[in-house]
Structures are given as C-alpha cells and as structure tokens.
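These notes are about the structure you will find just below.
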Ligand SMILES: NC(=O)c1ccc[n+]([C@@H]2O[C@H](COP(=O)([O-])OP(=O)(O)OC[C@H]3O[C@@H](n4cnc5c(N)ncnc54)[C@H](OP(=O)(O)O)[C@@H]3O)[C@@H](O)[C@H]2O)c1
C-alpha cells in the first residue's frame, strides 16, 4: 500500500520502519526541506522515500499524521485536497507527558478537530494510546501475542483498511467505536489512554468493556 507519513520524529520513524519492513511503499516528510532528510532511510535501516508534506500525501491511500498537536493545523494546511485519503491520527492534545502537558481543547474530542482539518478524508484514530517504544516492542519482528492496537473512526471501510495495515505489521486492531465515542475513550485523559503495556486482543477488549461501563 502507498503510505505517506507526515512527521518523521519518534512516532513517524517507528511506524515508517515497521510499515516499510512489511513491504509498503512509504514516503516520509517533516517540517524540513526533503534534502535535509536524505539520510533518513539509512538511519531507519529500511527503504523509504522522503519528500515534502504534499509529496508524501500525493497518491497515498493512507496518510499518518505523526506531528505534535500544535503542528497539525500547519502540517495539514499545505495540502490542497484531502479528498479520498484515509488519515490515521495518532496525535494526543498534549505538549509533554503529565497533567501539565494537556492542551485544552474545550471538551472536544481531538480527532473531531483533526477531521475538520482534513475535509474529504476519513480519519481513523490509532497508535495514540501507548508510548511508541512499547508499541514497537509488540509489533513487526517483535510481535508476540500482546499486539493489540485500538482504533476509532466513523467509516467502517476506512477502519477495515487500517485494521489490515495493522495486521500487516503483525498487530490486531481492536475497534473502540466511532470517532467521538472511541476517540474520547482513546484520547488524552480517557480510560484507554496512557496504556504503558502491550495487551493481547482479549485483554484490550476486556479493558474496552470496563471503559465503556465506567
Ligand atoms: N512518541 C510517542 O511515544 C507517542 C505516543 C502516542 C502518541 N504520540 C503522538 O504522536 C505525535 C508525534 O509525536 P512524536 O513523539 O513523534 O513527536 P516528535 O518526535 O517531536 O516528532 C514530530 C515530527 O513532526 C514534524 N513536524 C512538526 N511540525 C510540522 C509541520 N508543520 N509539517 C510537517 N511536519 C511537522 C517534526 O518535523 P521536524 O523533524 O522537521 O521538526 C517531527 O518530524 C504527537 O501528536 C504525539 O502526541 C506520540
């Protein structure tokens, strides 16, 4: 699958490495000139292309928005047309770990705001609930039975594509609901946020049931 990754920091790099290792056609981008990212494939140890944000999004079936919360508006606004893309949103509305790092979004669900910034795209929230080194420890070549990844979104077809993408890196998607319901459960301060371990799909479903009944 052709995948564009916007943001080449901790989250973007790990997902880029996992997805390229699984044979996907990955283009990475950041806030910088693509020429300054020329060493990235060697650093990641996989075959990825580098480009500007519009180049990463161009022709991509799936785009991953791996940028800080405060950069989402700037990062998405350089793309003229988001129509038809599936956008994976791993972001959390925080500036740093801990209670002081939470960015006030007025009680809204963060992925709702992201959806407004990519009109015509279908947003699926995923990969946001667990620190990326822990997530990496359960996916791809490291995969064992603890490989669940929560996803939320309004479009079942888009969630199916993202679930297949997660399966391609040896994970199992666990659906938490639509973008508002699941997004609230998965989002900053939600009962499925800040999960500091990989879970089996059964464990993740049990935690989801507990979260829904809270
Ligand atoms: N790290 C984790 O464990 C983790 C876990 C769950 C969720 N998340 C979420 O994942 C997102 C990314 O986190 P991270 O830890 O990967 O951050 P990071 O290491 O700071 O990387 C952020 C990346 O975003 C890029 N960026 C910033 N502004 C941009 C713009 N206007 N256009 C294009 N790219 C831009 C940066 O580009 P430059 O390199 O050019 O500065 C950098 O490559 C955040 O929303 C975070 O809440 C992270």
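Values as computed for the structure displayed
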| read-out | value |
| --- | --- |
| Residues of the range 5-46 satisfying the condition of being in contact (Cβ under 8 Å) with a residue 60 or more places away in the chain and under 13 Å from residue 63 (Cβ atoms) | 5, 6, 7, 15, 19, 24 |
| Only one of 72, 88 that is in a strand (DSSP E or B) and either modelled with pLDDT under 95 or buried (at least 19 other Cβ atoms within 10 Å of the Cβ) (or both) | 88 |
| Test: residue 147 is more than 12 Å from the chain's Cα centre (by Cα), touching a residue at least 12 places away in the same chain (Cβ under 8 Å) and within 22 Å of residue 194 (Cβ to Cβ) | yes |
| Residue that is farthest from residue 79 (Cα to Cα) [pool: residues in the range 118-128 that are away from the ligand (no atom under 12 Å from the Cβ) and touching a strand residue (DSSP E or B) at 6+ places or on another chain (Cβ under 9 Å)] | 124 |
| Qualifying residue in the range 17-30 (condition: part of a helix (DSSP H, G or I) and within 12 Å of the ligand (Cβ to nearest atom)) | no |
| Cβ-Cβ under 6 Å pairs, at least 6 apart or on other chains, the range 105-121 side within 19 Å of residue 176 (Cα to Cα), far side part of a helix (DSSP H, G or I) and at pLDDT 95 or above | 109/183; 109/184; 111/183 |
| Members of the range 94-112 that are surrounded by fewer than 19 Cβ atoms within 10 Å (Cβ to Cβ) and closer than 24 Å to residue 61 by Cα | 112 |
| Residue in the range 165-172 that is more than 16 Å from the ligand (Cβ to nearest atom), assigned to a strand (DSSP E or B) and surrounded by fewer than 23 Cβ atoms within 10 Å (Cβ to Cβ) present | yes |
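The values are calculated or read from the model by the stated rules, or taken from the named source; none is laboratory data. All values derive from a computational prediction rather than experimental measurement. Neighbour counts run over all protein chains shown; Cβ positions are idealised from the backbone, glycine included.
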